[in-house]
There are 2 protein chains.
Amino acid sequence: MTRHFRAALFLLLAGPLAAQVAAPTLAGYRKEFGTMWTFDAPPLEYWKATYDFAPDQAWLDNVRLASVRLPNCSSSIVSSRGLVLTNHHCARSCISSSSPRDTNYIEVGFVAPSMADERKCQGLYVDQLQSVEDVTARIRAASRAATATAQAERRARVIDSIQTDCQKSTGFQCQVVTLYQGGMYSLYRYKRYDDIRLVMAPEEGVAFFGGDPDNFTFPRYCLDIALLRIYENGQPLAARNFLRWSSEGAQDGDVVFVTGNPGSTGRLLTMAQMEYLRDVVYPENLAAYARQLEVLREITKNDPERARRYDNTIFSLSNSEKAVTGYRSGLLDPDLMAKKRAFEREFRARIARDSRFRAQYGGAWDAIAAAQRELASFDKAARYRSFAGSQLLTMAGQIVRIPAQSALPDSARLPEYRGEAIERMKRQIATAAPVDTQVETRLLAAQLAAAKRALPANDPFLQAVLAGRTPEAAARALIGGTTLNDAAARKALVDGGAAAVAASSDPLIVVARKIDPLQRLLSTRARRLNALIASEAEKLGQAIFAAYGTSLPPDATFTLRISDGRVKGYPYNGTVAPYRTSFYGLYGRSAEFGGRPPFNLPARWLARADSLDLTAPLNFVSTNDIIGGNSGSPVINRNAQVVGVIFDSNIEGLPNRFVFTDEVARSVSVHSSGITEALRRIYGAGWVVEELEGR
Amino acid sequence: MTRHFRAALFLLLAGPLAAQVAAPTLAGYRKEFGTMWTFDAPPLEYWKATYDFAPDQAWLDNVRLASVRLPNCSSSIVSSRGLVLTNHHCARSCISSSSPRDTNYIEVGFVAPSMADERKCQGLYVDQLQSVEDVTARIRAASRAATATAQAERRARVIDSIQTDCQKSTGFQCQVVTLYQGGMYSLYRYKRYDDIRLVMAPEEGVAFFGGDPDNFTFPRYCLDIALLRIYENGQPLAARNFLRWSSEGAQDGDVVFVTGNPGSTGRLLTMAQMEYLRDVVYPENLAAYARQLEVLREITKNDPERARRYDNTIFSLSNSEKAVTGYRSGLLDPDLMAKKRAFEREFRARIARDSRFRAQYGGAWDAIAAAQRELASFDKAARYRSFAGSQLLTMAGQIVRIPAQSALPDSARLPEYRGEAIERMKRQIATAAPVDTQVETRLLAAQLAAAKRALPANDPFLQAVLAGRTPEAAARALIGGTTLNDAAARKALVDGGAAAVAASSDPLIVVARKIDPLQRLLSTRARRLNALIASEAEKLGQAIFAAYGTSLPPDATFTLRISDGRVKGYPYNGTVAPYRTSFYGLYGRSAEFGGRPPFNLPARWLARADSLDLTAPLNFVSTNDIIGGNSGSPVINRNAQVVGVIFDSNIEGLPNRFVFTDEVARSVSVHSSGITEALRRIYGAGWVVEELEGR
């Protein structure tokens, strides 16, 4: 791992500001920023002082190389033969795509009888982090410009070129990661393995036991695991770096580490940014989830075929609804907001005390607040004057824009039409599967009804799309009258270019032509404001980074982090939650709901209950700092042995997105000894257990 | 049951106020006043409309006569041979007093092998409600007087004489019950059965599984039952009225009724009264519980003998601490207080609209508020200038006062020295067991330390008791120097009368002589204010009763009520609580805490787990309206069959003391089929099950 940049950064930024700002506030606010440490700046002194834990570089390197990233999740290599442990919910596409025609492994589970029976996962890959390099100076030098928008464009170009150069010269997947809101830029290099096979997956009924109700809660009873294997050159990977298994697993009070890829947090956001999320973005998001869920739940209620088709979408929307409700609850919590306000007040006061820093950073908060106010002022118009609410309308919007955008030089295009995007878009338009027009009509009607409530009656969007009709009538006419659900018709329009688009009388193309300029106007205005916010936020990131250096971990960026914590129960529901649950509890919760979904257990779990040690641990909680993206992360002990695998946060943990706390916020994991107990007793997968245990 | 008074009351009070006030507010606020119906005014129309349930008078009479009252709890007759079902925690004194010398049935449980082996409970009795008579007019006529204090004294006298007359003429236990804060007075007549024997009690470990942490919560796993039997003339009672057993027990969604004796609620309190509780009474109560618990927990920590001795006290203090915290949480809940405020505002406005009612009732709210303010102004002095904090100091206070109070005519005495009170007090003083002086010293020191924090340094109480010493030194000197822990010394002082008390140099008597006038002054002042509040509250009770009649149930009075509700889960902890738990869940929660107390299970439960149907229901929740005093109440279905026995409320239910809600507030019961499952499989008490099931 490239580490030389650390000294350089301290040389660059440590100075009077650090001296003035760091020490006094550090003690007061350090904890609120959590423990998502990067591997190039592990907090060795803090670990030593807190846990008497002093890992050497070999420990860190092994753990980093064993903690591999999935496209949207985390995972780890857990045997010398490339066995990979992750969550069932991270491997869904692999599990369903590897099912034979007449079976659905999601439903019935899968256990390879032997290594030879492992099944290829279409399109799946894992990325292994090879090295990290500081590229802050290079990016900052190349992105100087007069306006924030111009800066943002230059920065995007230099980042793109750094990534492309790296990819060419190393053969690795290269990504420039923006840390501290631009206080620091790091180039991450990954080795990609793209032959991944399914070894074992339990039935969804036990992997996602308790379904949406129990999602984001604890006590919990989920065997949310999947076992994959990395192949290289058609052979199981001969892994040099892997995590050994702890059969005993997590015990109450243990110090444990989570290594994975938290997706995003907002701990460095200003009050104005958080208030914008709380009052503008989240309420609209929640309304949109609720709107779509209402349609999908109703339309799938008595229709098992549709229910299966929309199962993943409904799960994903419910999950987002629960998560965003939890995030917003933090922003509505007066204590939490008071903490943020106190930090901001103190930090602003410190900046204001020095004329140089005041000049450099002092205006950022007000500039951000003003930009957020302006964004809020036209949020509804920007949100609803769009191609949203229908996949066919979205494609109509792309079909309308492709000719015009193609005609412009790359740098003048809308961002989503730059580089290879247009070619990718064309392929998707030409190959997309037909939509369910009944669902499409209902979803578009719901979107238009929301637009009608949100916009003034004379809004040009409403005039263009509704044209005096009710939302339902408009949606019926648009979806009923379009030919765009036919791939050939779409391809003909795309191939026909500007002339074909202009001549089309397809009702979706007609309205898309009218929406296009309305949408472009506001999205350009919003982009300018967001660039300004990013630019001011970068200043704050620099100021904070200057003050604290890497003693504060950066916000999450879906890159590898290591978080420390303890296995620990917590006060809940007027009593105490134990640090772990049991198989007894699993069967209990199922019985207590009469075995009705989502509390039903798979047949082999009912048949083999007696063979289990029912007192064995199934799930457990710890104080590690995680968020979406951490799913599938290994939980390891001081000896880098796997004691569990992260699969969720409790609902009390969701406000950690903005302020980290560990009084009642907990990470939820599957316990390693629950995994081996189930593999042996329920799944008869002794050979997998032996591999995990290194025998 | 005497029912003629209902017509009379309506004649007396129904009039223009009822016409104006009742209809419009009833719909809006009815529900907030809960469902603790009296048996003489069952809400037949509401039941018919809500549940299509129309019990006849025979149903109601049978249920009333089968629902017998214990000294501090509720219970029911559940067989034709006088078997009584209640809670383990209601039968503790019976269970421990009936234990042989070398055994503690509280710990190891008890099952009578046959009826002949049932064991007498010393001092226990049950009361069976025979009839209810309206005595409002008689009491109101006899208690007219110029001042609130004089009214209160007259009322006390007429109540006393009604009770005495009734007792003499009927041989029943007679009690005048104040309903609607004096809006209505009813004479309750009870038949008392005082030969009660223990049939079966489980081990405390499973009766109170989860201990203080799980107390007031759900999901829950307690076999909190005890079975007693009423004997009459040395034979098991040949019960004409009893509840039959439902082997199936409570099912999700069932309509169920709870018949028992809720102790006290405050749903008719004014905002000023509730704020006084919230800001003055409850914080002081909570501080007192915490103070005593701190001493007792510390002193019993490494002392198993003392731990046993103070186990009940610690439980009772913890229970009160959790309950009062819950009650107060309601008063701190802005939504709940907003509801109360809205009701009060509307009710005041309605009263103010009519000049006659304005004159009669309109001043009550402000008068109560003023009295509460005055009480608050000297609350700390009244609270701490007292004999509290030490049993010996309390006795010293009584010893000092007995001669002076005895010399006064009964009506001029302090209320607690009237009638037979002095003789009872003398007997207690002469027979009280020695106190643990180490505990006594610590508790008194804690009380004095609290007094020192609360009172100004020159307060005469502090000067008298501390006399310049630290609280610890004063407590050591007082408890170390007194002879009052010797019953003979106390008796000598009592027998010696005023002269002996005046001559005593016992340090506790010396300080008690100084505290006496200080305490009397403030308690008299507080009594006057409380009488005024009661008198004004009575007006409001009359106004409310006039408006709503018995369509609103009265506040709880530890008399028999019937509450309707449904068996129903609820949202909790971000997910849903099932309507019932299971034996699986019991073993799960124990395993999840490693079997450590209070989550340890008795040996026979561990040995016989395999013989149980682990999916069988153990506890369940329903929306019935209960509060302390309801412990041991039967839960019955439409056919008056026992489907369970109440033993707790969830923590969300505690604010129901002030405003009834049933969104998440729940009553917690032991399930009837869990009871028979345990009796058969764990306790080998098949003969009891057969009796319950009527075979």
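Bear in mind that the values in this text are calculations on the coordinates, not laboratory data. This one's a predicted model, so the numbers in the text were calculated from it and none came from an experiment. Note that we place each Cβ from the backbone using ideal geometry, even for glycine, and neighbour counts take in every protein chain shown.
The residues B:Lys339, A:Lys340, when put in order of fewest to most other Cβ atoms within 10 Å, stand as B:Lys339, A:Lys340.
Near B:Phe599, within a Cβ-to-Cβ distance under 9 Å, what is the net charge of the other residues, with Lys and Arg +1 and Asp and Glu -1? Before the final figure, lay out the partial values.
On the way: positive: B:Arg589, B:Arg596; negative: B:Asp214, B:Glu592.
Neighbour charge sum, excluding B:Phe599 itself: 0.
Cysteines of the protein assembly as shown lacking any other cysteine Cβ under 4.7 Å from their own Cβ: A:Cys222, B:Cys222. Taking each DSSP H run with n ≥ 4 as -39500 (n - 2.57) and averaging over every residue of chain A yields -15500 deg cm²/dmol at 222 nm.
Under 8 Å for C-alpha pairs, at least 6 residues apart: give me the relative contact order for chain B, rounded to a whole percent. Working shown, then result.
Numbers: 1255 pairs, mean separation 174.9, N = 695.
Once divided by the residue count of chain B, the mean separation gives 25 percent.
With r defined as the distance between the Cβ atoms of B:Thr147 and B:Ala473 and R0 fixed at 51 Å, what FRET efficiency is calculated, to the nearest 0.05? E(calc), rounded to 0.05, equals 0.70.
Can you list the DSSP H helices in chain A whose Cα atoms extend at least 27 Å along the helix axis and whose mean Kyte-Doolittle hydropathy is -1.0 or higher? Counting only whole DSSP H runs, the qualifying helices are A:148-170, A:304-331, A:334-353, A:507-548. The Cα atoms of the stretch B:159-231 define a convex hull whose projected area, averaged across directions, is 8.1 nm². Projecting the Cα atoms of A:Leu83, A:Phe172, A:Pro517 onto the dipole axis of chain A, where Lys and Arg carry +1 and Asp and Glu carry -1 at the beta carbon, places A:Pro517 farthest toward the positive end.
Out of the stretch A:390-491, which GluC sites (Glu not before Pro) are coil in DSSP terms and have no more than 13 other C-beta atoms within 10 Å? Mind dumping the intermediate values first?
Numbers: sites: A:Glu416, A:Glu420, A:Glu423, A:Glu440, A:Glu472; in loops: A:Glu420.
Answer in residue order: A:Glu420.
In percent, rounded to a whole number, the relative contact order of the stretch B:455-540 is 28, using alpha-carbon pairs under 8 Å and six or more apart.
Here the simple spin-label model places points 7 Å from the Cα toward Cβ, and for B:Arg373 and A:Lys191 these points are separated by 8.0 nm. Placing a label point 7 Å from Cα along the Cα-to-Cβ direction at A:Arg353 gives distances to the equivalent points in the other copies of 6.3 nm, listed shortest first.
Residues whose amide H lies under 5 Å from that of B:Met184, counting only those 5 or more places away or on a different chain, are B:Leu179; hydrogens are built 1.01 Å from N in the peptide plane.
Computed from backbone phi with θ = phi - 60° and the Karplus coefficients 6.51, -1.76 and 1.60, the 3J(HN,Hα) list for the stretch B:616-625 is 5, x, 10, 10, 8, 10, 8, 8, 5, 9 Hz; x is used for glycine and proline. Here the simple spin-label model places points 7 Å from the Cα toward Cβ, and for A:Asp516 and A:Glu294 these points are separated by 3.3 nm. Summarising the amide proton neighbourhood of B:Gly82: residues at separation of 5 or more, or on other chains, whose placed amide H is nearer than 5 Å comprise B:Ala239. Along the charge dipole of the stretch A:50-156, Cβ charges K/R +1 and D/E -1, which of A:Ala142, A:Asn104, A:Leu124 sits furthest on the positive end? After comparing all options, I get A:Ala142. With label points set 7 Å from Cα along Cα→Cβ, the inter-copy distances at A:Pro113 are 5.9 nm, sorted shortest first.
Near A:Val78, once Lys and Arg are set to +1 and Asp and Glu to -1 for all other residues with Cβ below 9 Å from its Cβ, the sum equals 0. Under 5 Å between amide hydrogens, built in the peptide plane, is the criterion, and for A:Ser582 it picks out A:Leu618, A:Asn619 among residues at least 5 positions away or on other chains. Dipole orientation for the stretch A:218-330: of the candidates A:Met274, A:Gly326, A:Ala238, A:Ala238 has the Cα lying most toward the positive pole (charges on Cβ; Lys, Arg +1; Asp, Glu -1).
Around the Cα centre of the stretch A:191-309, unit charges on the Cβ atoms of Lys, Arg, Asp and Glu (plus for the first two, minus for the last two) sum to a dipole of about 420 debye.
Rounded to two decimals, what is the ratio between the C-alpha radius of gyration of the stretch B:55-134 and 2.2 N^0.38 Å? Could you put the intermediate results ahead of the total?
Working: Rg = 15.2 Å, N = 80, 2.2 N^0.38 = 11.6 Å.
Working it through for the stretch B:55-134, the quotient is 1.31.
What shape does the stretch A:590-695 have by the C-alpha gyration tensor, where a ≥ b ≥ c are the square roots of the eigenvalues, rounded means a/c under 1.5, and otherwise prolate means a/b greater than b/c and oblate the rest? Because a/c hits 1.5 or more and a/b fails to exceed b/c, the stretch A:590-695 counts as oblate. Panel values: the stretch A:505-567, Kirkwood radius from alpha carbon pairs, Stokes-Einstein at 10 °C and 1.306 mPa s, translational diffusion coefficient 99 µm²/s.
Does the stretch B:493-629 classify as rounded, prolate or oblate by the C-alpha gyration tensor (a ≥ b ≥ c root eigenvalues; a/c under 1.5 gives rounded; else a/b over b/c gives prolate, otherwise oblate)?
On the way: a/c = 3.74, a/b = 1.52, b/c = 2.46.
In terms of gyration-tensor shape, oblate.
Specify whether the C-alpha gyration tensor of the stretch A:309-372 places it in the rounded, prolate or oblate class, a ≥ b ≥ c being the square roots of the eigenvalues: rounded for a/c under 1.5, otherwise prolate if a/b is larger than b/c and oblate if not. Taking the square roots of the gyration eigenvalues as a ≥ b ≥ c, the stretch A:309-372 is prolate.
Contact order for the stretch B:371-472, expressed relative to its length and based on alpha carbon pairs under 8 Å spaced 6+ residues apart, stands at 33 percent. Distances between copies of A:Ala412, taken at a point 7 Å out from Cα along the Cα→Cβ vector and listed shortest first: 10.9 nm. In plain terms, the chain from A:Ala404 to A:Ala487 could stretch by 27.8 nm, reckoned as 0.36 nm per residue minus the Cα-Cα distance.
What is the magnitude of the charge dipole of the stretch A:118-176 about its Cα centre, with +1 placed on the Cβ of each Lys and Arg, -1 on the Cβ of each Asp and Glu, and no other charges, expressed in debye to the nearest 20? Don't skip to the end; give the middle numbers.
On the way: 9 positive and 7 negative charges, 42 e Å.
My answer is approximately 200 debye.
Counting only Cβ charges, +1 for Lys and Arg and -1 for Asp and Glu, the dipole size of the stretch B:487-589 around its Cα centre is about 220 debye. Note on chain A: Cα-only Rg and Dmax are 26.1, 74 Å.
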